[in-house]
1. What is the fewest-to-most order of ARG262, ARG29, ARG83 by other Cβ atoms lying within 10 Å of their Cβ?
2. Just add up the charged neighbours of ARG39: K/R +1, D/E -1, any other residue whose Cβ is under 10 Å from the Cβ of ARG39.
3. For the chain, what does -39500 (n - 2.57) per DSSP helix run (n ≥ 4), summed and divided by total residues, give at 222 nm, in deg cm²/dmol to the nearest 500?
4. Add +1 for every Lys or Arg and -1 for every Asp or Glu among the other residues with Cβ under 15 Å from the Cβ of THR184, and state the total.
5. Tell me whether region 187-261 comes out rounded, prolate or oblate; compute the Cα gyration tensor, take square roots of the eigenvalues as a ≥ b ≥ c, and use a/c under 1.5 as the rounded threshold.
6. What is the percent of Cα-Cα separations in the chain that go past 29 Å?
7. Could you please rank PHE105, PHE238, PHE158, placing first whichever residue has the fewest other Cβ atoms within 10 Å of its Cβ?
8. Projecting each Cα onto the charge dipole of the chain (Lys/Arg +1, Asp/Glu -1 at the beta carbon, about the Cα centre), which of PHE238, VAL179, PRO162 comes out farthest on the positive side?
Amino acid sequence: MGWLAVVLAGCPAHLPPAGPSRARVGSYRVAALAASAERVVTSLYDLEVSRQGDGVWVIRTTHSEGILEEGDNLLAYDSARPRRSDPWPLTLQHAIAAVPVAVRFDPEGAPVSLVDPAQWRRDALAAVDELGLPAEASPAALPLLDPEGLLRDLRRTFPGTPPPLGAWSREASMAGVEVAVVETCTPTRSGPTTTWDCTGEVEAHPGAAARFREAHTTTRLVADRFGLLSQESSYEGFLILADPDGRVVVERAVAGRRLVERR
């Protein structure tokens, strides 16, 4: 969300080992980069997480900024320094991300549902109205009022705990394409922290017009008794776009990296 975010021993097993901070209120900083031959997008945002109990956290974005570089064009945005020239989609995106949302997490620390998606949508619409943007900006807000899209974005920040054995499969977004990531992880314990080092590949959804070639992923998760300390993930490969007959239309190198750190 935003441009551009357990206990391991001696405590109840239902607490998510690599979920959001179990402190009453915690925060995470998320930095992301996505690059292709045509453009480079970098983003930085801060998340506040408040534990409500029973596997529920309230999450909101407190700050976001980013840079889009496309050819000779450069577009920058900073929620702390709004300008009249800021594109409406970016202003809307931050306003909606700043709305607190109650999220239910599974025992492994991954988000599974919004507690009240209808209420979140009403609150988000109210935040959009408060911006006072022209009426023609409203259509740009509609794609952002998507509970499932919000969950997908949160899962990139809080993917949960890898399984103790076997492959770690999860949905992800790479170069704007929804894919399945399948990784194998090796855990190591050092004092109060556990680290999972994972490597894997990307699997496109059957029948998708976009697929990947020679696409590889890495993920490193670090957690302590309070939850997720950091997550660093990356991907690189070739994105292939095909027409309905299966003929290759575009093939481009793509890469991305994401770093999440508890503050």
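1. ARG83, ARG29, ARG262
2. Charge balance near ARG39 sits at -3.
3. Numbers: 4 runs with 40 residues, N = 263.
The helix contribution divided over the chain gives -4500 deg cm²/dmol.
4. In short, -2.
5. Working: a/c = 3.70, a/b = 3.33, b/c = 1.11.
Note, shape of region 187-261 comes out prolate.
6. Working: 11787 of 34453 pairs.
Result for the distance tail: 34 percent.
7. On the way: PHE105 22, PHE238 14, PHE158 27.
Least crowded to most crowded, the residues run PHE238, PHE105, PHE158.
8. The residue sitting most towards the positive pole is PRO162.
Rule-based calculations on the coordinates, nothing more; no lab input. As the structure is a computational prediction, the values presented were derived from the model and not from experiment. Don't worry about glycine lacking a Cβ; one is built from the backbone with ideal geometry, like all the others, and counts go over all protein chains shown.
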